[in-house]
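The values are calculated or read from the model by the stated rules, or taken from the named source; none is laboratory data. Please read all numbers here as calculations on a predicted model, not as lab measurements. Every residue, glycine as well, gets a Cβ built from its backbone with ideal geometry; the counts of neighbours run over all protein chains shown. All accessible areas refer to the heavy atoms of the entire protein, side chains included, with ligands and DNA or RNA removed. Shrake-Rupley method; radii C 1.70, N 1.55, O 1.52, S 1.80 Å.
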Amino acid sequence: MVNTDEFIDDANAEIREQLGDSTAVIALSGGVDSSTAAALAYEAVGDQLVPVYVDTGLMRKGETEEIHREFDYMERLRVVDAADRYFERLEGVTDPEEKRKVIGDQFIREFETVAKEVDADYLVQGTIYPDRIESEGNIKSHHNVGGLPDVVDFEGIVEPMRDLYKDEVREVARELGLEEVISERMPFPGPGLAVRVLGEVTREKVRIAREATHVVEEELEAYDPWQAFAVVLGKATGVKGDNRVHGHVVAVRSVESRDGMTARAQELDWDTLQRLQSRIAGTIDNVSRVVYDVTHKPPATIEYE
Ligand code: XMP
């Protein structure tokens with residue numbers, strides 16, 4: 001990208017030209033990519049755009065409230081509360097790729113319902129360059145790339161940021177006036193907290209991953225990580241008062257990266273690590289142990305599943 005202003009002008013012109021008078025839908029996730037794509041598209045075509053946020057129950061803490069704060073000004077914003085449907089379909093599903101498939105499929109159903117209701121002709125997507133590369137290499141089945149267009153019969157797909165890297169998207173977001181909580185937000189996987197709890201997705205594990213991730217984001221802000229989050233690994237023994245308890249093990253991961261394709265685990269000081277364990281094990285119910293992940297990518301991936 002040569003120049004942010006120029007990029008925005010060109011993207012607006014391209015979106016207007018592609019859409020004409022048609023209605024377009026975009027799936028908002030709360031992340032910087034879809035938020036920026038929505039802001040770009042809204043600037044281009046106003047209320048021809050229907051932004052759709054599906055609350056899967058697998059989102060970060062406060063995400064739905066943030067969506068309202070940031071996007072209520074868009075007349076046709078739709079917020080769908082689908083958490084019960086997701087948890088029901090995820091019952092008994094333990095394989096990571098199977099989880100992604102179920103979540104992707106449910107997402108398509110939710111989105112399709114709205115797209116049909118509003119009679120949408122076009123789909124706007126916040127796909128960025130690294131998404132396309134990873135999707136082509138099929139490293140993981142990223143549900144937010146592909147999928148949708150095959151099922152809903154759209155006339156066309158608009159991907160105004162298809163050639164941008166993440167840092168360029170953030171520049172565009174800032175230029176468009178998106179709040180810092182969004183423009184500076186860490187990337188978050190499409191399947192959400194489901195890939196941050198190992199094995200079956202239960203409300204209890206997701207609650208722990210959500211609360212612990214919130215603590216990690218707060219405590220590690222000063223380290224300016226590319227991504228920092230918590231993962232619920234399994235159960236281990238701990239003590240509470242005089243009793244042995246069998247609680248969850250939470251792993252903290254914090255990495256530096258430019259595009260997510262490779263990453264380095266961050267070096268954290270001991271006080272920070274201790275604050276993390278004390279807040280996570282001390283304030284979140286049913287956590288017995290906190291560990292820090294020191295593995296780079298490769299050999300590990302950033303996410304655990
Ligand atoms: P990995 O775990 O493959 O992650 O090193 C690289 C980047 O991609 C994100 N990620 C995903 N994003 N759907 C997404 O939209 C997914 O299924 C998915 N899996 C990983 C991850 O958060 C990191 O930024």
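For the chain, what % of the accessible area comes from carbon and sulfur atoms, probe 1.4 Å? Can you show the working numbers first?
Numbers: 6270 of 14070 Å².
Whole-percent figure for carbon plus sulfur exposure: 45.
What's the extension gain from Arg16 to Arg174 if we count 0.36 nm per residue and subtract their Cα-Cα distance?
On the way: separation 158, 0.36 × 158 = 56.88 nm, distance 2.17 nm.
That works out to 54.7 nm of additional length.
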Item to check | Whole-number accessible area per residue in Å² for the chain, which is evaluated in the context of all protein chains at 1.4 Å | outcome: 46
Checklist entry - Is it possible to state the helix-based mean residue ellipticity at 222 nm for the chain, with each DSSP H run of 4+ residues giving -39500 (n - 2.57), the sum divided by total residues, to the nearest 500 deg cm²/dmol? What is it? => result -13000 deg cm²/dmol
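What does the charge dipole of the chain about its Cα centre add up to, to the nearest 20 debye, if the Cβ of each Lys and Arg holds +1 and the Cβ of each Asp and Glu holds -1?
Values: 35 positive and 63 negative charges, 377 e Å.
Here the chain has a charge dipole of around 1820 debye.
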Checklist entry - Which lysines, on any chain, are close to Lys101 with Cα under 18 Å apart, when same-chain ones fewer than 8 places away are left out? => result Lys140
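Quick one: which of Lys99/Lys235; Lys166/Lys235; Lys99/Lys166; Lys205/Lys297; Lys61/Lys166; Lys116/Lys205 span more than 28 angstrom between C-alpha atoms? Show your work: numbers first, answer last.
Working: Lys99/Lys235 20 Å; Lys166/Lys235 35 Å; Lys99/Lys166 26 Å; Lys205/Lys297 25 Å; Lys61/Lys166 22 Å; Lys116/Lys205 34 Å.
Checking Cα-Cα distances, Lys166/Lys235; Lys116/Lys205 exceed 28 Å.
For Ala265, what is the net charge nearby, where nearby means another residue's Cβ is under 9 Å from its Cβ and Lys, Arg count +1, Asp, Glu -1? Provide the component values of the computation, followed by the final result.
On the way: positive: Arg253, Arg264, Lys297; negative: Glu256, Glu267, Asp293.
In short, 0.
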Checklist entry - Which residue, Gly241, Gly62, Gly282, has the most motion in a Gaussian network model of the chain that connects Cα atoms within less than 10 Å? => result Gly241
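Over all directions, what mean area does the Cα convex hull of the chain project, stated in square nanometres?
Value for the chain: 15.8 nm².
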Checklist outcome for this item: Sorted by accessible surface (1.4 Å probe, heavy atoms of the protein chains only), largest first, Ser278, Ser257 come out as Ser278, Ser257
